[in-house]
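The values are calculated or read from the model by the stated rules, or taken from the named source; none is laboratory data. Computed from a prediction, not measured in an experiment: that's the story for all the values here. Please note: Cβ atoms are built from the backbone with ideal geometry, for glycine as well, and neighbour counts cover all protein chains shown.
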């Protein structure tokens, strides 16, 4: 293969629309490494990898709700449905504690520290973290537990139960969130993870330090948490004006 033929091949790769930019970047990075290896072992007379850079790309901005939409999503859920108490609690856990859907579904009764208002959460890789919860979650849990033993006859240790008495499944949780979005009049697709994104976004807008947010979300790397730094300039200006002592100080 000649250098010209390789460049034509790379142009064809770049034109594959169904690939996300990050996928293309990974493929090109692997190819550059291979070409550099061929040069180092004497198979190429020059290092072809130096003729192009990995493409820059925008990471996909997480879907999130406005504060008003998040409030409406929870409060618009009809209280008269058979599973209303359970479903409202799920929504509160996703938005009020920022749990992943799998984390919410795997919560156990003995994971609740009532007096301290903390949840023991089992995250990715079986890592344990403690997440604080506020009054809305406290109220939702008490409302649900008042009917749990009657409507879900089960000796299961899990907090959120399905109709058959087993733990609530991810698919059921997705259905509940979509149903809640319908009742709230939110037309765009909303997933359980969108509520977690909303939790993170709203905390950042309120001025929370990214390091604290990383601990709350259970991210092993700060890089993952930094994906939430997609705030609009006006929002950043409001945060700066609110928290920096010299942001609104008049110039002399």
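Please verify whether residue 162 is more than 23 Å from residue 72 (Cα to Cα), buried (at least 17 other Cβ atoms within 10 Å of the Cβ), without any contact (Cβ under 8 Å) to a residue 24 or more places away in the chain and in the same structural domain as residue 121 (by TED's automatic domain parsing), treating the condition exactly as stated.
Yes: the conditions hold for residue 162.
Out of 99, 81, which single residue is in the same structural domain as residue 130 (by TED's automatic domain parsing), in contact with a strand residue (DSSP E or B) (Cβ under 7 Å, 6 or more places away or on another chain), modelled with pLDDT of 80 or more and not in a helix (DSSP H, G or I)?
99
Tell me which residues, restricted to the range 118-131, are surrounded by 13 or more Cβ atoms within 10 Å (Cβ to Cβ) and over 18 Å from residue 160 (Cβ atoms).
If the condition is that a residue be surrounded by 13 or more Cβ atoms within 10 Å (Cβ to Cβ) and over 18 Å from residue 160 (Cβ atoms), then 129, 130 are the ones that fit.
Considering only residues that are closer than 30 Å to residue 192 by Cα, touching a helix residue (DSSP H, G or I) at 6+ places or on another chain (Cβ under 7 Å) and modelled with pLDDT of 80 or more, look in the range 31-69 and name the one that is surrounded by the most Cβ atoms within 10 Å (Cβ to Cβ).
Out of the qualifying residues, it is 65.
So, of the residues in the range 137-150 that are surrounded by fewer than 16 Cβ atoms within 10 Å (Cβ to Cβ) and touching a residue at least 12 places away in the same chain (Cβ under 8 Å), which turns out to be nearest to residue 199 (Cα to Cα)?
Among them, the one singled out is 138.
Name the one entry in 168, 145, 90, 73 that is in contact with a strand residue (DSSP E or B) (Cβ under 7 Å, 6 or more places away or on another chain), over 22 Å from residue 215 (Cβ atoms) and in the same structural domain as residue 191 (by TED's automatic domain parsing).
Of 168, 145, 90, 73, the one residue that is in contact with a strand residue (DSSP E or B) (Cβ under 7 Å, 6 or more places away or on another chain), over 22 Å from residue 215 (Cβ atoms) and in the same structural domain as residue 191 (by TED's automatic domain parsing) is 168.
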